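Below is one structure; the comments refer to it alone.
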Amino acid sequence: MRRRTGLLIAGAAALAWGEWLNWRWSRALVENGGGAAEAVVVLGYRNRQATANLINRWRVRAGIRSIAADSARGTRVIFSGGATSSGAAEAQLMADYAKSVLEFDGAVLLEDQSATTWENITNVIPLLEDIDRIKIASQPAHALKARAYLRRQRPDLAERLVRADDYRPGEWMVVKPLLALYGLWTLRGLKADERKVSL
């Protein structure tokens, strides 16, 4: 009985820790910017099949739900990700899913050359110059890493970063502890000032 209780407490603690860390990451390195022009950057994930995989489908949904209600028609959604083993770019697969399955009919731009998160940010910068509010949609740790990269490459644009709707309480709850561990590993290379807000 005590062992079972101990396991339940440990499991609950792990779930709460994963939830808290993902919540915190979703709020790091963002501002409270205003302005009319909004862009949502959806980052791709390795996609070996001819259609968007589970992670890319979730990222597209997170990106679409990140569009502010008051700027829905004017929001630019940028799908970013290069070629996959199937030949199609991640960006194209995500755009196809957004249009055909989610029936998204807003403005879509594709960045289909990048192979890394650093390249994602480098290659979308020209598409963000005239934007007032920039949202980056991915799993919270990955989105934080991308925001840190934008801060390194273009601090002026990083001042326009606002929260995306890529964290929701209870969503992916069972795997959030694993996502948190993976996030800690991927964020280990951030500079000291960026790391302070990520842990």
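Got a number for residues in the stretch 109-136 being open to solvent by 40 Å² or more (accessible area, probe 1.4 Å) and not aromatic (Phe, Trp, Tyr)?
Initial filter on the stretch 109-136 (open to solvent by 40 Å² or more (accessible area, probe 1.4 Å)): 109-110, 112-113, 115-116, 118-119, 122-123, 126-127, 129-130, 132.
Applying the additional criterion that residues be not aromatic (Phe, Trp, Tyr) yields 109-110, 112-113, 115-116, 119, 122-123, 126-127, 129-130, 132.
Looking only at that region, the number is 14.
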Legend entry - For residue 45: the one exception among (1) open to solvent by 10 Å² or more (accessible area, probe 1.4 Å); (2) out of contact with any helix residue (DSSP H, G or I) (no Cβ under 6 Å at 6 or more places or on another chain): (2)
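Restricting to the stretch 1-37, count the residues that are loosely packed, with under 14 Cβ neighbours inside 10 Å and either assigned to a helix (DSSP H, G or I) or among the hydrophobic types (A, V, I, L, M, F, W, C) (or both). Break it down into steps so the answer makes sense when it comes.
First pass over the stretch 1-37, keeping only residues loosely packed, with under 14 Cβ neighbours inside 10 Å: 1-13, 16, 20, 27, 31-32, 34-36.
After this cut, where a residue has to be either assigned to a helix (DSSP H, G or I) or among the hydrophobic types (A, V, I, L, M, F, W, C) (or both) as well, the list is 1-13, 16, 20, 36.
Residues in the stretch 1-37 being loosely packed, with under 14 Cβ neighbours inside 10 Å and either assigned to a helix (DSSP H, G or I) or among the hydrophobic types (A, V, I, L, M, F, W, C) (or both): 16 in total.
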Legend entry - Qualifying residue in the stretch 92-99 (condition: among the hydrophobic types (A, V, I, L, M, F, W, C), open to solvent by 60 Å² or more (accessible area, probe 1.4 Å), part of a helix (DSSP H, G or I) and without any contact (Cβ under 8 Å) to a residue 24 or more places away in the chain): no
Inset, instruction - Could you please find all residues in the stretch 178-199 being more than 29 Å from residue 67 (Cβ to Cβ), of a type outside the set (Phe, Trp, Tyr) and modelled with pLDDT of 85 or more? - result: 181, 184
Inset, instruction - Could you tell me whether the stretch 127-143 includes any residue that is without any contact (Cβ under 8 Å) to a residue 24 or more places away in the chain and of a type outside the set (Asp, Glu)? - result: no
Legend entry - Residue in the stretch 73-89 that is within 16 Å of the chain's Cα centre (by Cα) and either among the basic types (Lys, Arg) or over 17 Å from residue 117 (Cβ atoms) (or both) present: yes
Inset, instruction - From the list 9, 78, 67, pick out the single residue that is touching a residue at least 40 places away in the same chain (Cβ under 8 Å) and β-branched (Val, Ile, Thr). - result: 78
Legend entry - Residues (at pLDDT 85 or above and open to solvent by 80 Å² or more (accessible area, probe 1.4 Å)) located in the stretch 153-177: 159, 163, 168, 169
Legend entry - When residues of the stretch 117-148 are limited to those that are in a helix (DSSP H, G or I) and over 13 Å from the mean Cα position of the chain (by Cα), the one nearest to residue 188 (Cα to Cα): 118
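Based on what the data block shows, is residue 84 open to solvent by less than 30 Å² (accessible area, probe 1.4 Å), out of contact with any helix residue (DSSP H, G or I) (no Cβ under 9 Å at 6 or more places or on another chain) and either farther than 19 Å from residue 149 by Cβ or among the acidic types (Asp, Glu) (or both)? Don't jump to the end; show me each part of the working.
On the way: open to solvent by less than 30 Å² (accessible area, probe 1.4 Å): yes; out of contact with any helix residue (DSSP H, G or I) (no Cβ under 9 Å at 6 or more places or on another chain): no; either farther than 19 Å from residue 149 by Cβ or among the acidic types (Asp, Glu) (or both): yes.
It is false that residue 84 is open to solvent by less than 30 Å² (accessible area, probe 1.4 Å), out of contact with any helix residue (DSSP H, G or I) (no Cβ under 9 Å at 6 or more places or on another chain) and either farther than 19 Å from residue 149 by Cβ or among the acidic types (Asp, Glu) (or both).
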Inset, instruction - Find all pairs meeting these conditions: Cβ atoms under 8 angstrom apart; at least six residues apart or on different chains; first residue within the stretch 38-64 and part of a strand (DSSP E or B); second residue of a type in the set (Asp, Glu). - result: 38/132
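The values are calculated or read from the model by the stated rules, or taken from the named source; none is laboratory data. In this text the structure is predicted, and so the values were computed from the model without any measurement. Ideal geometry is used to build each Cβ from the backbone, glycine not excepted, and the neighbour counts take in all protein chains shown. SASA here: full protein model, heavy atoms, side chains in, ligands and nucleic acids out. Shrake-Rupley method; radii C 1.70, N 1.55, O 1.52, S 1.80 Å.
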